[in-house]
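Undergrad: Submitted below is the structure of interest, expressed as structure tokens.
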Amino acid sequence: MKSYLQRLVISGLLIAAAASPAKSQIASPDAELILISDQFKFTEGPTADTDGNVLFTDQPNDQIVRYDFKTNTISTWLKPAGRSNGLFYASERRLIACADNQNELWEINPSSKEKRVLAKTYQGRNFGGPNDCWVDHDGTIYFTDPLYQRPYWSQEIPADHTRGVYRVTNNGKITLVASDLIQPNGIIGDPKQRILYVADINAGKTYRYRIAEDGTLQDKTLFCQLGSDGMTIDRKGNVYLTGRGVTVFNSQGEKITNIPVPRGWTANVTFAGPDRRHLFITAGDSVFLLKTEMQGL
């Protein structure tokens, strides 16, 4: 196991054209990208608890890993973990996991680690593999269901499977709320502004929806010409997309900056730490930490 705090000083690369105030507001030009660990196969799905500690997934190794922010250490939190991908802390007693081993959406009790299947089928058909999720203020779950054929599946998903966005209410009702996307992937919302962002990664676009009073998605508009694997948002409404590093857009869909990450693919990102001012980034076999000037929503 390599040292947890291997520092990658990228002051000359982190904020391109750092002289611009709009670009330098995310992280200072001398910010350091900290390599926490590179011992995994493919990291995904980070989400922070109320203390700012992070759970993330290592899907090929079928485990959920915990990063302790205070001690800068990592440990296996759950294994096996249903080949979980995206995660989201709904509360201290409720972790939502996109467990695509059996094409399911799970609820996990963080204390007991007891698991409950929230969604497995829709209108008699299996999901294609829940990928990423976001939980609204009332506990309603929105999740993306693309189709990435997994080598470990024993089940077969038809090629004409609907790549969609689904909503799961607290009473277990499941509805398809978006079905006109090529390959929906990253998802994040703003509960106060009643906005949901969904990345259509194969289309190379991210869309913004208005969350209606009944929970349906309305007024679909193009947010930016970039798809994303995972996403997060800060208190100013800036949206963070992943793929080639982390690309940040303001609430109007205008690009602010790109944060380079020294891996071939950056899968996901979330805000971590007790004050939510650090970006926790999952990228290939590695996870990174970066202090910012922003605060996560």
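Undergrad: For the subset of region 238-258 comprising residues that are of a type in the set (S, T, N, Q) and under 16 Å from the mean Cα position of the chain (by Cα), which member is surrounded by the most Cβ atoms within 10 Å (Cβ to Cβ)? Steps first, please.
TA: Let us first name the residues in region 238-258 that are of a type in the set (S, T, N, Q), namely 238, 242, 247, 250-252, 257-258.
After this cut, where a residue has to be under 16 Å from the mean Cα position of the chain (by Cα) as well, the list is 238, 242, 247.
Details: Asn238: 20, Thr242: 28, Thr247: 19.
Filtering region 238-258 for residues that are of a type in the set (S, T, N, Q) and under 16 Å from the mean Cα position of the chain (by Cα), the one surrounded by the most Cβ atoms within 10 Å (Cβ to Cβ) comes out as Thr242.
Undergrad: Between a first residue in region 64-80 that is in contact (Cβ under 8 Å) with a residue 12 or more places away in the chain and a second residue that is of a type in the set (Lys, Arg), which pairs have beta carbons less than 6 Å apart while being 6 or more apart in sequence or on different chains?
TA: Qualifying pairs under 6 Å: Trp77/Arg66; Leu78/Lys113.
Undergrad: What are the pairs with Cβ atoms under 7 angstrom where one residue, in region 34-51, is over 21 Å from Ile188 (Cβ atoms) and modelled with pLDDT of 95 or more and the other, located anywhere, is of a type in the set (D, E, K, R) and surrounded by 19 or more Cβ atoms within 10 Å (Cβ to Cβ)? Sequence gap at least six, or different chains.
TA: Phe40/Asp58; Lys41/Asp58
Undergrad: If you take the residues in region 72-90 that are on the phi < 0 side of the Ramachandran plot and of a type in the set (S, T, N, Q), which one is surrounded by the fewest Cβ atoms within 10 Å (Cβ to Cβ)? Give the derivation first.
TA: Step one: filter region 72-90 for residues on the phi < 0 side of the Ramachandran plot, giving 73-81, 84-90.
Right, trim to of a type in the set (S, T, N, Q) and you get 73, 75-76, 84-85.
Numbers: Thr73: 12, Ser75: 9, Thr76: 12, Ser84: 29, Asn85: 27.
Restricting to residues being on the phi < 0 side of the Ramachandran plot and of a type in the set (S, T, N, Q), the top hit is Ser75.
Undergrad: Turning to a different aspect of this structure: Considering region 176-187 alone, what residues qualify as being farther than 18 Å from Ala97 by Cα and in a strand (DSSP E or B)? Spell out how you get there, then give the answer.
TA: Taking region 176-187 as the starting set, the residues that turn out to be farther than 18 Å from Ala97 by Cα are 176-183.
Residues satisfying the conditions are Leu176, Val177, Ala178.
Undergrad: Another question, if that's okay. Restricting the search to region 101-121, which residues are surrounded by fewer than 16 Cβ atoms within 10 Å (Cβ to Cβ) and either of a type outside the set (S, T, N, Q) or touching a helix residue (DSSP H, G or I) at 6+ places or on another chain (Cβ under 8 Å) (or both)?
TA: Start the filter on region 101-121 by keeping residues that are surrounded by fewer than 16 Cβ atoms within 10 Å (Cβ to Cβ), which leaves 109, 111-114, 116-117, 120-121.
Listed by number, the residues that qualify are Lys113, Glu114, Arg116, Val117, Lys120.
Undergrad: Of the residues that make up region 191-201, is at least one basic (Lys, Arg) and over 28 Å from Lys291 (Cβ atoms)? Even if it seems obvious, please write down each step before you answer.
TA: Quick first cut of region 191-201, residues basic (Lys, Arg) only: 192, 194.
Of the ones still in play, those that are also over 28 Å from Lys291 (Cβ atoms) are 194.
So far as region 191-201 goes, yes, one or more of its residues are basic (Lys, Arg) and over 28 Å from Lys291 (Cβ atoms).
Undergrad: Identify all residues within region 176-191 that are surrounded by fewer than 21 Cβ atoms within 10 Å (Cβ to Cβ) and either farther than 19 Å from Lys120 by Cβ or without any contact (Cβ under 8 Å) to a residue 24 or more places away in the chain (or both); write none if there are none.
TA: Here is the first cut: in region 176-191, the residues surrounded by fewer than 21 Cβ atoms within 10 Å (Cβ to Cβ) are 176-177, 179-180, 182-183, 190-191.
Ser179, Asp180, Ile182, Gln183, Asp190, Pro191 - these are the residues of region 176-191 that are surrounded by fewer than 21 Cβ atoms within 10 Å (Cβ to Cβ) and either farther than 19 Å from Lys120 by Cβ or without any contact (Cβ under 8 Å) to a residue 24 or more places away in the chain (or both).
Undergrad: Which one of the conditions (1) in a strand (DSSP E or B); (2) in contact with a Ser or Thr (Cβ under 8 Å, 6 or more places away or on another chain); (3) over 20 Å from Phe40 (Cβ atoms); (4) modelled with pLDDT of 95 or more does Leu279 fail to meet, given that it meets all the rest?
TA: (3)
The values are calculated or read from the model by the stated rules, or taken from the named source; none is laboratory data. Quantities reported herein were computed from a predicted structural model and do not represent experimental measurements. Cβ: placed from backbone, ideal geometry, glycine included. Neighbour counts: every protein chain shown.
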